[in-house]
Amino acid sequence: FSEQREIFNEYLVTIYQSDNYLALILFFIIVLLAYSLKSSPVALLMAGIISFAILYVIRTTRLFLIFIKRGVSTFYLILYLCALEILPVLVFWKYLTGLV
């Protein structure tokens with residue numbers, strides 16, 4: 001609905017790229033988990049979590065830079081982060097912990 005299609009298209013490309021990179025990293029971690037006898041499962045799980053966290057921070061930083069570069073209001077950035085990045089994680093966390 002926004003008139004800022006170019007900005008959101010640029011960010012969608014960033015999301016898709018980070019998802020593809022994460023999928024590739026997690027693929028190798030899963031292969032190591034399944035077929036490696038010498039690797040520690042806890043270490044590989046932590047590597048996956050750290051990879052996810054790093055790519056998530058990069059993705060959020062890229063969004064911030066896109067918004068700053070294009071001169072979009074910080075209010076829209078805060079609304080976007082709350083509605084589409086933070087809220088789904090909080091709802092999922094509540095569901096997992098059985099509070100819903």
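The values are calculated or read from the model by the stated rules, or taken from the named source; none is laboratory data. No experiment lies behind these values; they were computed from the predicted model shown. Neighbour counts are summed over all protein chains in view; Cβ atoms, including those assigned to glycine, are modelled from backbone coordinates with ideal geometry.
Observations, loosely collected:
- Being among the aliphatic types (A, V, I, L, M), at pLDDT below 90 and within 30 Å of LEU77 (Cβ to Cβ) holds for only one residue in LEU37, LEU63, LEU22, LEU55, and it is LEU63.
- Only helices (runs of 4 or more DSSP H) whose full extent lies in the range 1-87 are considered here, and the ones with at least 1 residues that are surrounded by 11 or more Cβ atoms within 10 Å (Cβ to Cβ) and among the charged types (D, E, K, R) are 5-35, 41-70.
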